[in-house]
Amino acid sequence: MSFTKSSVLKDQATHYCPGCGHGIAHRIVAEVIEELDIREKVIATAPVGCAVLLYDYFNCDIIECAHGRSPAAATAIKRVRPENIVFTYQGDGDLAAIGMAETIHTANRGENITVIFINNAIYGMTGGQMAPTTLIGQKSTTSPAGRDANNEGPPIRICELLSSLDGVTYLERVSVSSAKDVIRAKKAVKKAFTNQIEGKGYSLVEILSMCPTDWKLSPKHSVDFVNKEMKEAFPLGVFKDLTSS
Ligand SMILES: Cc1ncc(C[n+]2csc(CCOP(=O)(O)OP(=O)(O)O)c2C)c(N)n1
Ligand code: SF4
């Protein structure tokens, strides 16, 4: 079998650094949209962060949102055009820092949207500042001695945090740091889109993802960092699934 690129991705080289997880996450989302045959119906929101140029890469309708405001914009789009399939694509700075209020209230309202959350434990685009998901001891430009729970608090686990909200239908944390993980991640993303198609409500997939540039690690060591350190701090798994009950 020969590998072909999904038609949901444009013929456009990305600007992502070597070893970055965003490209893998893009491919997973694109393949799912193609397999579900929903491209014509999809409206995505692009974040502010390294994936800001999402609209250059995906062959579907995309609106650019102010930093962190994707859930509010997605809420409006889905309510006005319920026949469309709406997804947000957000980094940890976008979703869990500046956009935390939008994230919590959108989840709590149980909006029928799909959220793709890329957790790379750092602010990638702006040069490596600490994110809400930065690990204890992890160095960043704003925690040069390593994150200290006494000063900065421990990392925020979004799936665990949102799991207490009644409005939430489906939460799963996956990774793109091995072939097996990528297969699992695609299943989760497909379920999150299928839930929306079936009108089941708010679904979020958290994807642990590599940022070699701002972690100052090689691509190979970045994969090791996800597989060892990140998976320990952010265990993979399904945190809520009301679709099977
Ligand atoms: C209102 C506003 N505040 C701050 C910024 C600066 N800014 C741009 S991207 C970013 C963080 C990006 O990190 P993340 O969301 O984790 O995405 P990543 O780049 O890691 O994929 C920040 C703080 C901005 N563009 N707009
Ligand atoms: S800075 Fe990090 S998140 Fe941004 S493109 Fe480079 S590796 Fe990816």
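Filter region 112-137 down to residues that are in contact (Cβ under 8 Å) with a residue 60 or more places away in the chain and surrounded by fewer than 24 Cβ atoms within 10 Å (Cβ to Cβ) and give me whichever is nearest to ligand 2 (Cβ to nearest atom). It would help to see each step written out before you state the result.
Keep residues of region 112-137 that are in contact (Cβ under 8 Å) with a residue 60 or more places away in the chain, which gives 112-125, 127-128, 133, 135-136.
The next check asks that each one be surrounded by fewer than 24 Cβ atoms within 10 Å (Cβ to Cβ); those that pass are 112, 125, 127-128, 135-136.
Numbers: ASN112: 29, MET125: 6, GLY127: 8, GLY128: 8, LEU135: 16, ILE136: 20 Å.
Here the residue is MET125.
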Only residues that are in a helix (DSSP H, G or I), buried (at least 24 other Cβ atoms within 10 Å of the Cβ) and within 13 Å of ligand 1 (Cβ to nearest atom): list them for region 97-111, please.
THR103
Of the residues in region 138-172, those that are surrounded by 19 or more Cβ atoms within 10 Å (Cβ to Cβ), more than 16 Å from ligand 1 (Cβ to nearest atom) and not hydrophobic (A, V, I, L, M, F, W, C) number 3
Can you give me the number of residues within region 78-95 that are surrounded by fewer than 19 Cβ atoms within 10 Å (Cβ to Cβ) and either among the aliphatic types (A, V, I, L, M) or within 16 Å of ligand 1 (Cβ to nearest atom) (or both)?
1
Taking only region 219-234 into account, find how many residues are away from ligand 1 (no atom under 15 Å from the Cβ) and surrounded by 13 or more Cβ atoms within 10 Å (Cβ to Cβ).
8
Every residue in region 58-84 that is under 11 Å from THR45 (Cα atoms) and among the aliphatic types (A, V, I, L, M), please.
ILE62, ILE63, ALA66, ALA72, ALA73, ALA74, ILE77
Could you list, in sequence order, all residues of region 65-100 that are under 17 Å from the mean Cα position of the chain (by Cα) and free of Cβ contacts under 8 Å to residues at least 24 places away in the same chain?
CYS65, ALA66
Can you pull out the residues in region 21-64 that are surrounded by fewer than 23 Cβ atoms within 10 Å (Cβ to Cβ) and in contact with a Pro (Cβ under 9 Å, 6 or more places away or on another chain)?
LEU54, GLU64
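We did not get these values from a lab; they are worked out from the coordinates using the rules stated. What you see is a predicted model, and the numbers here were worked out from it, not measured in a lab. Please note: Cβ atoms are built from the backbone with ideal geometry, for glycine as well, and neighbour counts cover all protein chains shown.
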